[in-house]
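To keep things clear, I will list the structure first and then write my remarks on it.
Only the coordinates and a few stated rules stand behind these numbers; no lab work does. This is a predicted model, so every value here is computed, not measured. All Cβ positions, even for glycine, are placed from backbone atoms using ideal geometry, and neighbour counts span all protein chains on display.
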Amino acid sequence: MSTQMVEIAHEPLKRIVIRELVKYDNPQQLVNALSFIMKMGQPVLLTWAERMVFVSQPIPPSDMPEEYARGELYIASISYAPMAEFVHNVKSGNIEMPVIDVSRSPLSQELAKFLKSKLDDA
């Protein structure tokens, strides 16, 4: 009796294409801009890495299966702001949004570094 072993492979994304970047001066401005989404009942989870807080709207891989199979992820929009220290929640007025620390993710680190490089762009 032979047992067949399954191959497990880790294939990181090769390319991320971002269609729109929306920069805010601080986390509170970001929260204010996203507050209407929360008021509509949609959950919003901010992510933090490399001194940046951001939220992305990826295009589902099922909408672009060929691109995803090639290792490409398309993101419709990323909204971001500088945030030096990680905090569990960002509050602006009476609105509070949770933040998750994704700094252990190499992909999130690279994405945050890219966003940080865009802070000084006009």
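Based on DSSP H segments of at least four residues, each scored -39500 (n - 2.57), the chain has a per-residue ellipticity at 222 nm of -7000 deg cm²/dmol. Residue 109 sits among other residues whose Cβ lies under 14 Å from its own Cβ, and their net charge, with Lys and Arg +1 and Asp and Glu -1, is +1. Among the listed values [x] 1.00; [y] 1.32; [z] 1.25, the one computed from these coordinates for Cα Rg over 2.2 N^0.38 Å is [z].
For the chain, the longest principal axis of the Cα atoms and the long axis of helix 27-39 meet at an angle of about 70 degrees. The modelled label-to-label distance for the pair residue 42/residue 68, using points 7 Å beyond Cα in the direction of Cβ, is 1.9 nm. Among 3-13, 104-114, sorting by the average number of other beta carbon atoms lying within 10 angstrom of each residue, highest first, gives 104-114, 3-13. Mean sequence separation of contacting Cα pairs (under 8 Å, at least six apart), scaled by the length of the chain, corresponds to a relative contact order of 33 percent.
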